[in-house]
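Data first, discussion second: the structure below is written as structure tokens.
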Amino acid sequence: MPDRAAGRDARPPPAPDLTALAAITDAVQAGAGLPEILRAAARALHASLILVDSSAAVLAVAARSPADERSLMRDAEDVTTIELKVVEAPVGQLRIRTREHAPDGSLLRLISTLIASEVERVRAPERASEEAATSFLRAVLERRIDREEMIARGRGLGAELAPGGSVVVVRAHPRKATEDDWRSRLLAIATRGARSVAPGSISAPAESDPGQVVVLVPDPGGDSGRRVSAAILRELESGLVGFTFAIGRSRKTGDPLDLQRAGDEALLAVNVVEGDYEHSALAYDETGTYQLLLPHMREPAELKRFYEQTVRPLVAYDEQYETDLLGTLSTFLECDANVNATAARLITHRHTVRYRFERVRELTGLDVSSTDGREKLSLGLKAMRVLGIAAPRGPASEPGAGGGRVPR
């Protein structure tokens with residue numbers, strides 16, 4: 001364990017304060033809570049402390065001032081970070097700044113181990129609740145339980161689903177590589193945002209994608225889903241910096257048994273909005289003709305086949321050569337098949353756009369100048385979005401692009 005604070009004072013540390021150590025034991029035995037235990041630990045170590053859990057949420061602070069607390073959170077040069085583990089499983093971090101002397105290593109290890117054990121004890125019921133919520137939510141979305149059991153189990157978890165509900169799907173992607181446990185933070189932030197609006201909301205990570213959170217929202221009035229989606233987006237923008245977000249929400253369903261369909265609607269919406277560079281959230285009602293593809297969400301074989309036969313060659317070409325045939329095609333269709341408008345939107349020359357469409361025809365056998373070709377390519381793009389396949393992005397470097405580039 002690095003001890004950056006030790007170099008500030010070479011004198012031996014003072015003898016352990018047995019009274020302060022006893023205060024830690026008394027706080028644990030009395031169930032006084034992590035804040036009181038951390039304050040007692042700060043006195044015993046003659047240090048300022050911050051305790052955070054594995055999702056980077058602050059559990060307790062024992063600092064001399066708000067400025068001292070902010071400095072601890074920034075991990076300044078004189079701050080030592082101790083990883084807290086119980087049976088090799090990480091449970092959080094203890095950040096420490098000593099005030100006079102570096103604490104005795106054995107004392108610090110004893111206190112940090114005690115704090116780790118208390119964090120594990122305090123958080124155990126919460127984790128059990130999270131496991132129960134995850135199990136219930138997946139049973140609902142897979143329709144593995146009947147209506148009566150669904151309503152009863154929902155009430156046990158604080159969610160009244162008898163009047164109906166809606167589903168919100170939240171997805172995040174880091175803009176650059178990160179090593180911290182951001183998925184746990186995503187779940188915590190999404191849960192906090194949802195419950196600030198609809199207290200009975202149930203959140204769980206998606207089984208197929210740990211970077212995705214599914215939120216089941218009790219929605220008796222039909223507006224809770226919209227407000228939950230907005231609240232989660234606000235929380236993400238302030239609490240998960242350096243990430244992109246996509247949020248999809250379903251319609252409100254009056255019958256709890258239809259929540260499986262609501263889950264499909266939210267997933268379709270999040271897949272559609274993820275490729276949209278102007279919006280972060282989308283309701284199923286706003287997906288337009290994509291709704292025609294909803295029946296294929298659970299049996300996507302036909303969608304995959306159509307995608308493979310239409311735009312998959314363009315994806316492969318863009319990935320290999322860092323071109324943007326797919327983006328050019330999408331823009332062209334959005335511009336009502338107008339080449340000049342497409343060139344203006346992409347800030348390039350119309351000859352470059354035409355060159356790219358020639359490549360599209362060679363790769364797919366489909367001509368954007370024909371109605372049939374445009375329809376098939378448009379449906380291929382929609383299938384790709386519904387399947388949640390991300391489009392590759394890269395600079396247009398194919399022959400002909402350089403001369404047609406218009407200065408920004």
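Residue-level check: of (1) of a type outside the set (Asp, Glu); (2) under 30 Å from residue 155 (Cα atoms); (3) out of contact with any strand residue (DSSP E or B) (no Cβ under 8 Å at 6 or more places or on another chain), residue 313 misses just (2). Within the stretch 175-212, restricting attention to residues that are under 25 Å from residue 158 (Cβ atoms) and among the basic types (Lys, Arg), the residue that is surrounded by the most Cβ atoms within 10 Å (Cβ to Cβ) is 185.
Taking the criterion of being free of Cβ contacts under 8 Å to residues at least 60 places away in the same chain and farther than 26 Å from residue 245 by Cβ, the residues of the stretch 289-311 that qualify are 292, 295, 299, 301, 302, 305, 308. In the stretch 234-287, the residue that is surrounded by the fewest Cβ atoms within 10 Å (Cβ to Cβ) out of those that are aromatic (Phe, Trp, Tyr) and out of contact with any Pro (no Cβ under 8 Å at 6 or more places or on another chain) is 277. Kindly evaluate residue 116 against the criterion of being over 21 Å from residue 233 (Cα atoms) and touching a Lys or Arg at 6+ places or on another chain (Cβ under 7 Å). Taking the combined requirement at face value, the residue satisfies it. Restricting to the stretch 84-118, count the residues that are over 30 Å from residue 168 (Cβ atoms), touching a helix residue (DSSP H, G or I) at 6+ places or on another chain (Cβ under 8 Å) and not small (Gly, Ala, Ser). The number of residues fulfilling the criteria is 15. Of the residues making up the stretch 49-80, those that are farther than 19 Å from residue 123 by Cα, part of a strand (DSSP E or B) and free of Cβ contacts under 8 Å to residues at least 60 places away in the same chain are 49, 62. Kindly indicate whether any position in the stretch 307-316 is surrounded by fewer than 16 Cβ atoms within 10 Å (Cβ to Cβ), modelled with pLDDT under 95, over 18 Å from residue 274 (Cβ atoms) and not small (Gly, Ala, Ser). Looking through the stretch 307-316, at least one residue is surrounded by fewer than 16 Cβ atoms within 10 Å (Cβ to Cβ), modelled with pLDDT under 95, over 18 Å from residue 274 (Cβ atoms) and not small (Gly, Ala, Ser). Tell me yes or no: at least one residue of the stretch 176-184 is within 22 Å of residue 257 (Cβ to Cβ) and not charged (D, E, K, R). Within the stretch 176-184 (the criterion being within 22 Å of residue 257 (Cβ to Cβ) and not charged (D, E, K, R)), the answer is no, since none of the residues qualifies. Go through (1) part of a loop (DSSP other than H, G, I, E, B); (2) not assigned by TED's automatic domain parsing to the domain that holds residue 195 one by one and return the number of the condition residue 279 breaks. For residue 279, the failing item is (2).
Per the listing 286, 265, the residue uniquely charged (D, E, K, R), touching a residue at least 24 places away in the same chain (Cβ under 8 Å) and not assigned by TED's automatic domain parsing to the domain that holds residue 374 is 265. Among the residues here, residue 345 does not qualify as assigned to a loop (DSSP other than H, G, I, E, B), basic (Lys, Arg) and in contact (Cβ under 8 Å) with a residue 12 or more places away in the chain. Any chance the stretch 123-144 includes a residue that's surrounded by 21 or more Cβ atoms within 10 Å (Cβ to Cβ) and basic (Lys, Arg)? Within the stretch 123-144 (the criterion being surrounded by 21 or more Cβ atoms within 10 Å (Cβ to Cβ) and basic (Lys, Arg)), the answer is no, since none of the residues qualifies. Would you call residue 139 in a helix (DSSP H, G or I), under 22 Å from residue 249 (Cα atoms) and not β-branched (Val, Ile, Thr)? Judged against the criteria, residue 139 is a match.
The values are calculated or read from the model by the stated rules, or taken from the named source; none is laboratory data. All of these numbers come straight from a predicted model, not from anything done at the bench. Note that each Cβ is placed from the backbone with ideal geometry, even for glycine, and that neighbours are counted across all protein chains shown.
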